[in-house]
Amino acid sequence: MKVNEDFLKSMKEAFDLLRTKGPKEATAAVQRALSGKGHGHDLDSAHGNGGASNGARQAQPTQTNSAHTNTARRAGEWSQAWTNAYAQTQAHPTPHAHPHADTTIDADAPGVFSTHTFSNHAGQRSYKLYVPAVYNDTPLPLIVMLHGCTQNADDFAAGTRMNELAERHGFLVAYPNQSPAANHSTCWNWFKPEDQQRDQGEPSLIAGITREVMARYRVDPARVYVAGLSAGGAMADIMLTTSPDLYAAAGVHSGLAYGSAKGLPSALAAMKGGIRAQRHRSDAAPQRPLIVFHGDADQTVHPSNGIALVAPFDASVTDVTASAAAAAQSDAARAPHAQRRYTVQHRLAANGVEAEYWSIHGAGHAWSGGSPRGTYTDPSGPDAGEEMLRFFLAHPRQV
């Protein structure tokens, strides 16, 4: 069907309803558009991926003039925004209605939390930087934290409590912010081929922010790490794979493996477990250690993606199942209220590089052990932030 401005109005209505009232009302608006009872026309025709809701086929609408081209482009943007935001809202529908609201950081984190901007050939991104009060002449580790869709730096800092950990253990934390201009739902574009390459696109911006912090502050180059949630977790694996000379290890929570998708349709299929995640260089041995967390009840990013992340570490696998409440004393001290059971796989690649895979039983698409002050958190799980930090500090990079 012909793409017109009415369809754009329908998508905008659905997107606004998703943010303000929830998925039920938003889905009804989309259904009205699909049936022709609302503003719009068929979603498949408006979006060049043949229906972003299921990635079933690739449509290639004819574009007869520049106005039509611009309208189709805008329709695609709204459709992508709807797809990303709807998936996130379904995973964590009601407790946090305003992910971009200002977030108050705990008084337990008395360091400096400042805003900066980085620019290069790929564009510009803002980022937040936490420098702990214990910062002195001794070079400290740096952890780069990549938020998920609909999140931002403040929200992610609050949910993961990484600033509090930085104060207690002595490290810096950088939180790059995705630009709404690059993705309406502020998802990192992990599924775009141009954003999966070293020194190109978003990887160049994230690496540039990392290097800028290293240049301006006393950072130990052997202890620079990257971690993320969901789309941010997928981008964290891209960063580790493409810049092993910069990052010593990575943490991926509810994310996907590098090379899982080459566009939005394959991304949606991979998220649902419909495409077996494969790395671009599947025959290459892992270069850096990796720790992965994934809820086995995640309905937004299928748990098979977590397994795919650690699949290359297959020379030796040891499983340990534990109850967080009955964990070792040191674990209980870190997460005294954790209730979920979990299984930890200790894995070793043929070249000796280590990985851990934490399967959190009954958990959905949320940061395990996180604070309810942030979005997409599961306070009842083991503390992913603490465990990532433990793993990171045990694996410095040889420089």
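Selection of the stretch 373-382 for residues being out of contact with any Phe, Trp or Tyr (no Cβ under 8 Å at 6 or more places or on another chain), of a type outside the set (Ser, Thr, Tyr) and touching a residue at least 60 places away in the same chain (Cβ under 8 Å) yields only ARG373. Reported count of residues in the stretch 113-147, each being at pLDDT below 95 and in a strand (DSSP E or B), is 0.
If you go through the stretch 283-338 and keep only what is of a type in the set (S, T, N, Q) and modelled with pLDDT of 75 or more, you end up with GLN287, GLN299, THR300, SER304, ASN305, SER316, THR318. Just to check your reading of the model, which residue among THR103, THR160, THR94, THR186 is more than 29 Å from GLY263 (Cβ to Cβ) and at pLDDT 95 or above? Among THR103, THR160, THR94, THR186, only THR160 is more than 29 Å from GLY263 (Cβ to Cβ) and at pLDDT 95 or above.
Any idea which of ARG161, ARG168, ARG198 is under 17 Å from GLY385 (Cβ atoms) and touching a helix residue (DSSP H, G or I) at 6+ places or on another chain (Cβ under 9 Å)? It is ARG161.
To keep it simple, each residue is scored yes or no on (1) part of a helix (DSSP H, G or I); (2) of a type in the set (Gly, Ala, Ser); (3) assigned by TED's automatic domain parsing to the domain that holds HIS294; (4) farther than 21 Å from LEU393 by Cβ.
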position: PHE156; (1), (2), (3), (4): yes, no, yes, no
position: ALA166; (1), (2), (3), (4): yes, yes, yes, no
position: ALA182; (1), (2), (3), (4): no, yes, yes, yes
position: TRP190; (1), (2), (3), (4): no, no, yes, yes
position: PRO203; (1), (2), (3), (4): yes, no, yes, yes
position: ILE209; (1), (2), (3), (4): yes, no, yes, yes
position: VAL213; (1), (2), (3), (4): yes, no, yes, no
position: ALA222; (1), (2), (3), (4): no, yes, yes, no
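Against the definition (modelled with pLDDT of 85 or more, crowded, with 22+ Cβ neighbours inside 10 Å and either within 30 Å of THR150 (Cα to Cα) or assigned by TED's automatic domain parsing to the domain that holds ALA249 (or both)), how does ASN351 come out, yes or no? The answer is no for ASN351. Report yes if some residue within the stretch 368-386 is out of contact with any strand residue (DSSP E or B) (no Cβ under 6 Å at 6 or more places or on another chain), in a helix (DSSP H, G or I) and at pLDDT 95 or above; otherwise report no. Scanning the stretch 368-386 turns up at least one residue that is out of contact with any strand residue (DSSP E or B) (no Cβ under 6 Å at 6 or more places or on another chain), in a helix (DSSP H, G or I) and at pLDDT 95 or above.
The values are calculated or read from the model by the stated rules, or taken from the named source; none is laboratory data. All values reported here derive from a predicted model rather than from experimental measurement. Heads up, the Cβs are rebuilt from the backbone with ideal geometry, glycines too, and the neighbour counts pull from every protein chain shown.
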